[in-house]
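Only one structure is covered here, and it is reproduced in the block below.
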Amino acid sequence: MIVPSIQWVLGIVTAVGVVLSSAPAFAASGDSDDPKWCRTCHDDAPFSSAQFKLSAHKDQTCRDCHQGFQFNPHEPVEEAKGDGIDALKKRGFKNPIALNACMDCHDSPSDVPGSFPHGKQKDGTKAGLPYCLDCHGDPHEIRLMKGQPANVRRVAMNIRCIKCHGDAKKMAPFHLRADIVAAYEHTMHAVKLDLGSPDAPGCADCHPAHPARDDKKKAALALGACVKCHAGANPKFKDLASHKPMTRADRPISYFTIKFFAWLTFLTILGLSLHVLLDVINVVRRAGAPSVPHKQGKEGAASLDPVLLGMVSEGRIEPTGTVLRFDLNQRFAHGIMALSFTTLVLTGWPLSSHGIGASHFLVSLFGGLQSLGWLHRAAAVGLIIACVYHLAYLGVQMARGKLRFSMLPALKDAKDAVANILYFLGMRAEKPAYHRFSYFEKFDYWAVFWGCVIMVGSGAVRWFPTQVMRFAPTWLYEVCYLAHTDEALLAALAIFVWHFYNVHLRPAVFPMSWVFLTGRMSMEEHAEEHAAEHEAWLQAAKAKARLAAPATVEVKAADEAAEKRAS
């Protein structure tokens, strides 16, 4: 037991001797502020040498910030005093000495410390005001952001802001709302920032945290932040960046717009999905059972003169025995619209659903947000061209007297829908006989018209916001912003759930109907899919044949008489 005690005493004496012998040289060298001496005790993270090298304050000494501390830890700490500290104390900062230490290097943005936005105490509150470390964190761990990509810097900045402004308890003493954070996260600024845009602004780009905040200059500063990115923005434009939640009290028009599209989308997709499900169940239930085809078919048309069939169908029944459903103009407009719509969905999805799915992958696939935006606008122009082309085509057909209003909804469509549901449920042996267009084809057509009006109109407002805000109220832009996104979701779901099933995945046409490419279908297909129109053609052809029969007999008798006379 004696030997360990002697070793322990010798160790202490040696350590004390080393410290005492090095102190004079240390003091003489003028190196008393070297952080290595503080690390004799404070050697854990984040004070370690390896960690501190990454800090933005790596060139500072410990006592640059820790004011009042002496080299000898056994001496009492001197109380830091000064006008700046006293001013910060009066303003309610919980750590005025530390804040004043920050201001030694980071100059106060005004003559009176604490006059910047975070230094203005709300009337009637006693809560301590935030200071530098509340936003920037532990000074030992603050990393150099210089050299980092702009998006990385702004995301880090936003995290600091949201840490407090999204906390209802922290905001309550200052009579500030925390729900503005959720509203902000749905803005285009936040969406683009999340998707990696180097140009999208962060919180402090529009709401500077440090410059002096003169109430008279507040509006000018806000508008100036807008003009930096949106040239020509007027005073009304800054209201578009409001982070007020879309509640009935705060923004009633936007609130009811959201409710309208939410219910419209839910009920529409629910109805379409149930229709598809019932069709699938019906196919499975009837699998293996003998089908009950419509009475009309190629056999009925085979006995008729092809010329007559062509006449009664206005040329749609061709000599080859096929039925022309869509001419070249119609197929061209459909092709442009299909290509444009698909591109719009792929390029618009990341902005509408940035937090889920393959949004970030699509942004990378298309070469970044800027190229994604230009491609989206190019596809929008393609959609407009398709619409204008089709409307012009209808105008020409009307001028020629060839326009048939067979696409207009009629009472028969409602009856057909009910009959088809009964057929799905097994309560009817035969499906309804459709005319030129079935009720689900008419639904597709008019849904596209509705969608194009909404999407083109709202898209134009979003494309040219500064020009629109020169004459339009703020709520118009908000409604267009919401309508564009929600209608896009409704259109995409309707196309991929309903339209794709009916024209590509339905067992009768699987793997797809080629009519959209060729424009033609066989007489058998036409008799099955459009039995009412097919039957009307057959009856008309038979009627013409009966009318032509007596004339044919008379001509034949005259010919025979002429032959007799000649003989």
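Go through Asp194, Asp205, Asp167, Asp199 for me and flag whichever is among the charged types (D, E, K, R) and more than 25 Å from the chain's Cα centre (by Cα). Show your work before the answer.
Numbers: Asp194 fails: more than 25 Å from the chain's Cα centre (by Cα); Asp205 fails: more than 25 Å from the chain's Cα centre (by Cα); Asp199 fails: more than 25 Å from the chain's Cα centre (by Cα).
After applying the criteria, what remains is Asp167.
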Checked the stretch 239-268 for anything in contact (Cβ under 8 Å) with a residue 24 or more places away in the chain, over 19 Å from the mean Cα position of the chain (by Cα) and either more than 24 Å from Asp179 (Cβ to Cβ) or assigned to a helix (DSSP H, G or I) (or both); matches are Asp239, Ile253, Thr268
Where Asp413 falls short, out of the listed (1) part of a loop (DSSP other than H, G, I, E, B); (2) without any contact (Cβ under 8 Å) to a residue 60 or more places away in the chain: (1)
Among the aliphatic types (A, V, I, L, M), surrounded by fewer than 17 Cβ atoms within 10 Å (Cβ to Cβ) and part of a loop (DSSP other than H, G, I, E, B) - does that describe any residue in the stretch 356-369? yes
Top-ranked residue of the stretch 294-310 - restricted to ones that are surrounded by 15 or more Cβ atoms within 10 Å (Cβ to Cβ) and assigned to a helix (DSSP H, G or I), ranked as modelled with the lowest pLDDT: Gly300
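Considering only the stretch 456-489, how many residues are touching a Gly at 6+ places or on another chain (Cβ under 9 Å), under 27 Å from Ile269 (Cα atoms) and of a type in the set (Lys, Arg)?
Residues meeting the conditions: 0.
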List every residue pair whose Cβ atoms lie under 6 Å apart, where the two residues are 6 or more positions apart in sequence or sit on different chains, the first residue falls within the stretch 171-188 and is outside the structural domain of Gly355 (by TED's automatic domain parsing) and surrounded by fewer than 16 Cβ atoms within 10 Å (Cβ to Cβ), and the second residue, located anywhere, is of a type in the set (A, V, I, L, M) and not in a helix (DSSP H, G or I). Pro173/Ala127
Inspect the stretch 387-407 for any residue being closer than 21 Å to His499 by Cα and either among the basic types (Lys, Arg) or in contact (Cβ under 8 Å) with a residue 40 or more places away in the chain (or both) and give the result as yes or no. yes
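Tell me the residue from Trp514, Trp475, Trp498 that is touching a residue at least 40 places away in the same chain (Cβ under 8 Å) and surrounded by fewer than 15 Cβ atoms within 10 Å (Cβ to Cβ), please.
Details: Trp514 fails: touching a residue at least 40 places away in the same chain (Cβ under 8 Å); Trp498 fails: surrounded by fewer than 15 Cβ atoms within 10 Å (Cβ to Cβ).
Among Trp514, Trp475, Trp498, only Trp475 is touching a residue at least 40 places away in the same chain (Cβ under 8 Å) and surrounded by fewer than 15 Cβ atoms within 10 Å (Cβ to Cβ).
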Pull out all pairs, ordered by first then second residue, where Cβ-Cβ is under 7 Å, the residues are six or more apart or on different chains, the first lies in the stretch 370-383 and is at negative phi, and the second is small (Gly, Ala, Ser) and surrounded by 13 or more Cβ atoms within 10 Å (Cβ to Cβ). His376/Gly348; Ala379/Ser340; Ala380/Gly459; Gly382/Ser340; Leu383/Ser340
Residue under evaluation Ala209, criteria (1) in a helix (DSSP H, G or I); (2) buried (at least 16 other Cβ atoms within 10 Å of the Cβ); (3) modelled with pLDDT under 90, criterion not met: (1)
Can you pull out the residues in the stretch 495-524 that are touching a strand residue (DSSP E or B) at 6+ places or on another chain (Cβ under 9 Å) and aliphatic (A, V, I, L, M)? Val515, Met521, Met523
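Would you be able to say whether some residue in the stretch 321-331 is farther than 23 Å from Arg520 by Cβ, at pLDDT 85 or above, surrounded by 14 or more Cβ atoms within 10 Å (Cβ to Cβ) and in the same structural domain as Trp475 (by TED's automatic domain parsing)? Break it down stepwise before answering.
Step one: of the stretch 321-331, the residues farther than 23 Å from Arg520 by Cβ are none.
No, because not a single residue in the stretch 321-331 is farther than 23 Å from Arg520 by Cβ, at pLDDT 85 or above, surrounded by 14 or more Cβ atoms within 10 Å (Cβ to Cβ) and in the same structural domain as Trp475 (by TED's automatic domain parsing).
The values are calculated or read from the model by the stated rules, or taken from the named source; none is laboratory data. No experiment lies behind these values; they were computed from the predicted model shown. No Cβ is skipped: glycine too gets one built from the backbone with ideal geometry, and neighbour counts run over all protein chains shown.
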